[in-house]
Each structure stands twice: as structure tokens, then as C-alpha cells.
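Participant: This structure is in C-alpha cells; I'll ask about it shortly.
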Amino acid sequence: GESKRRTDKSELLDYHEEKWQAIRSLLQEGLEEVEFAERFVSGFAKAGVIFADSTRAVCDDKMLDDSGNTVSNSFLQNRLYKKRNAQTQEYSIDSQDQSTESGQSALLNSILEAQLELANPQNL
């Protein structure tokens with residue numbers, strides 16, 4: 001009797017151990033898949049932001065410099081944009097026409113915009 005009961009309990013314990021190991025393995029694989037999905041979605045979202053920024057730069061004609069090289073820095077892109085759009089008007093740091101209401105020059109305003117853009121890329 002006692003030997004049979006111990007054998008049955010041992011077999012039941014082995015069964016439950018295998019069952020819990022299978023469940024643990026399944027949960028571990030599920031967790032790895034969820035982590036991959038999270039990285040995938042996050043990467044896709046970031047790629048979308050990069051694509052949108054690049055498309056905007058192409059539309060504004062500030063993606064490529066005059067030599068055909070990619071301009072990836074937003075400050076340089078803004079400088080190029082202003083240079084290309086200032087053909088009819090001379091660009092000057094001291095120009096009254098180019099200053100903002102607060103008295104900042106257009107160049108300073110461009111620097112501030114570029115810094116804010118770098119600090120808050122999700123707001124683009």
C-alpha cells in the first residue's frame with residue numbers, strides 16, 4: 001500500500017513538473033515574441049518619422065546640397081532652405097525685415113528652431 005501510494009505521488013509530481021516546465025517554456029517564448037513585436041512596432045514608428053522628415057526636407061528643397069550630398073542636420077537644412085529662398089532678398093543677420101517680434105534675428109530664430117527640433121523630435 002505505502003509503496004504504491006509513494007509511486008503514485010512520485011509519478012503525479014513528475015507529471016506536474018513536466019507540465020509546469022512546458023507552461024514556463026511557452027510563456028518564455030510568448031514573452032520573447034512580445035518583446036520582438038514591441039521592438040518591431042517601435043522601429044516602424046521611428047522609421048516613419050525619419051521618412052516623414054526626409055519627405056518634408058525633399059519637398060522644401062533642403063534635403064540635398066548644391067553638390068548632391070545629403071544634408072541630414074536640421075540646422076544646415078534650415079540654412080540651405082533660407083539661402084535658396086532668399087534669392088530675391090539679401091540675407092542679413094541685422095536685417096529689420098527678417099527679425100521676429102521679439103527682436104531676434106532670423107539666424108538666431110533658426111538656431112532656436114533647430115535646437116527645439118532636436119530636443120523634441122516627436123513633435124514634428
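Participant: Test residue 11 against the stated conditions and say whether it is out of contact with any strand residue (DSSP E or B) (no Cβ under 9 Å at 6 or more places or on another chain), modelled with pLDDT of 90 or more and open to solvent by 90 Å² or more (accessible area, probe 1.4 Å).
Facilitator: Details: out of contact with any strand residue (DSSP E or B) (no Cβ under 9 Å at 6 or more places or on another chain): yes; modelled with pLDDT of 90 or more: yes; open to solvent by 90 Å² or more (accessible area, probe 1.4 Å): yes.
It is true that residue 11 is out of contact with any strand residue (DSSP E or B) (no Cβ under 9 Å at 6 or more places or on another chain), modelled with pLDDT of 90 or more and open to solvent by 90 Å² or more (accessible area, probe 1.4 Å).
Participant: Could you tell me which numbered condition residue 108 fails, if it satisfies all but one of (1) part of a loop (DSSP other than H, G, I, E, B); (2) modelled with pLDDT under 75; (3) surrounded by 10 or more Cβ atoms within 10 Å (Cβ to Cβ)?
Facilitator: Residue 108 satisfies all of (1) part of a loop (DSSP other than H, G, I, E, B); (2) modelled with pLDDT under 75; (3) surrounded by 10 or more Cβ atoms within 10 Å (Cβ to Cβ) except (1).
Participant: Taking residue 4 as meeting all but one of (1) loosely packed, with under 10 Cβ neighbours inside 10 Å; (2) not in a helix (DSSP H, G or I), write down the number of the exception.
Facilitator: The number of the failed condition is (2).
Participant: Consider residue 24 carefully, then state whether it is open to solvent by less than 100 Å² (accessible area, probe 1.4 Å), farther than 18 Å from residue 118 by Cα and in a helix (DSSP H, G or I).
Facilitator: Details: open to solvent by less than 100 Å² (accessible area, probe 1.4 Å): no; farther than 18 Å from residue 118 by Cα: yes; in a helix (DSSP H, G or I): yes.
For residue 24, the condition - open to solvent by less than 100 Å² (accessible area, probe 1.4 Å), farther than 18 Å from residue 118 by Cα and in a helix (DSSP H, G or I) - is not met.
Participant: Follow-up question, since we're still on this one. Quick check on the range 41-63. Is at least one of its residues among the β-branched types (Val, Ile, Thr) and in a loop (DSSP other than H, G, I, E, B)?
Facilitator: So the first thing to find is which residues in the range 41-63 are among the β-branched types (Val, Ile, Thr), and the list is 41, 49-50, 55, 58.
Remaining after also requiring in a loop (DSSP other than H, G, I, E, B): none.
Checked against the condition, which is being among the β-branched types (Val, Ile, Thr) and in a loop (DSSP other than H, G, I, E, B), the range 41-63 yields no hits at all.
Participant: Residue under question is residue 48, and the condition is that it be within 22 Å of residue 114 (Cα to Cα), small (Gly, Ala, Ser) and under 17 Å from the mean Cα position of the chain (by Cα); does it hold? Quick ask: steps written out before the conclusion?
Facilitator: Numbers: within 22 Å of residue 114 (Cα to Cα): yes; small (Gly, Ala, Ser): yes; under 17 Å from the mean Cα position of the chain (by Cα): yes.
It is true that residue 48 is within 22 Å of residue 114 (Cα to Cα), small (Gly, Ala, Ser) and under 17 Å from the mean Cα position of the chain (by Cα).
Participant: Which pairs do you get when a residue that is of a type in the set (Ser, Thr, Tyr), found in the range 51-74, comes within reach of a residue that is assigned to a loop (DSSP other than H, G, I, E, B), reach meaning Cβ atoms under 7 angstrom, with the pair 6+ apart or on two chains?
Facilitator: From residues that are of a type in the set (Ser, Thr, Tyr), the pairs are 54/63; 70/63.
Participant: Can I ask one more? Picking from 71, 58, which residue would you name as being at pLDDT 90 or above and surrounded by 11 or more Cβ atoms within 10 Å (Cβ to Cβ)? Please lay out each step first, then the result.
Facilitator: Values: 58 fails: at pLDDT 90 or above.
Going through 71, 58 in turn, the sole match is 71.
The values are calculated or read from the model by the stated rules, or taken from the named source; none is laboratory data. Quick caveat: nothing in here was measured; it's all calculated off a predicted structure. Backbone-built Cβ (ideal geometry, glycine too); neighbour counts: all protein chains shown. Each accessible area value is taken on the protein alone, full model and side chains, heavy atoms only, with ligands, DNA and RNA left out. Shrake-Rupley method; radii C 1.70, N 1.55, O 1.52, S 1.80 Å.
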